[in-house]
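The structure appears below as structure tokens.
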Amino acid sequence: MSSAEDFLSILTPEKNVPSPFRMGTIPASYTSGLPTVQFDGETKASTKRYPFLEGYTPRAGDRVLLARVGHGWVVVGKVRTV
């Protein structure tokens, strides 16, 4: 039978395990194609361009959620704050 400690250990994220998600902003210079992203906590936009899901159309200034896929990131979509 499982104890309460066993149950809590399942719910507690492991240390040093990277999150499967990141937040960022599409730079003001974006006009079309695959966007670059300025990830939260970073001072410059990436030089890499990121794919995005078909239902989302990137726009300069969008706050976006990215999901880890393999060794890279995919823009999942815009995060609305209101």
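Readers should treat all values here as calculations from the given coordinates under stated rules, not as data from a laboratory. In this text, all values refer to a predicted model and were calculated from it rather than measured experimentally. Using ideal geometry, Cβ is built from the backbone for each residue, glycine included, and neighbour counts are taken over all protein chains shown.
Taking only Cα atoms of the range 18-78, what ratio of Rg to Rh do you get with Rh as the Kirkwood inverse-distance radius? Spell out each step's value before the answer.
Working: Rg = 10.4 Å, Rh = 11.4 Å.
Value, to two decimals: 0.91.
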Pull out the extension gain between F39 and T81, defined as 0.36 nm times the separation in residues minus the alpha carbon to alpha carbon distance; nm, one decimal.
13.4 nm
Sorted by average packing, counted as other Cβ atoms within 10 angstrom per residue and highest first, what order do 69-77, 57-65 take?
57-65, 69-77
The ³J(HN,Hα) series, computed from each phi in the range 50-61 with the Karplus coefficients 6.51, -1.76 and 1.60 at θ = phi - 60°, rounded to the nearest Hz and given as x for glycine or proline, is 10, x, 9, 5, 4, x, 10, 10, x, 9, 3, x
Built amide H within the under 5 Å cut-off of D62, gap 5+
I26
Counting only residues 5 or more apart in sequence or on a different chain, those whose built amide H sits under 5 Å from that of V37 are S46
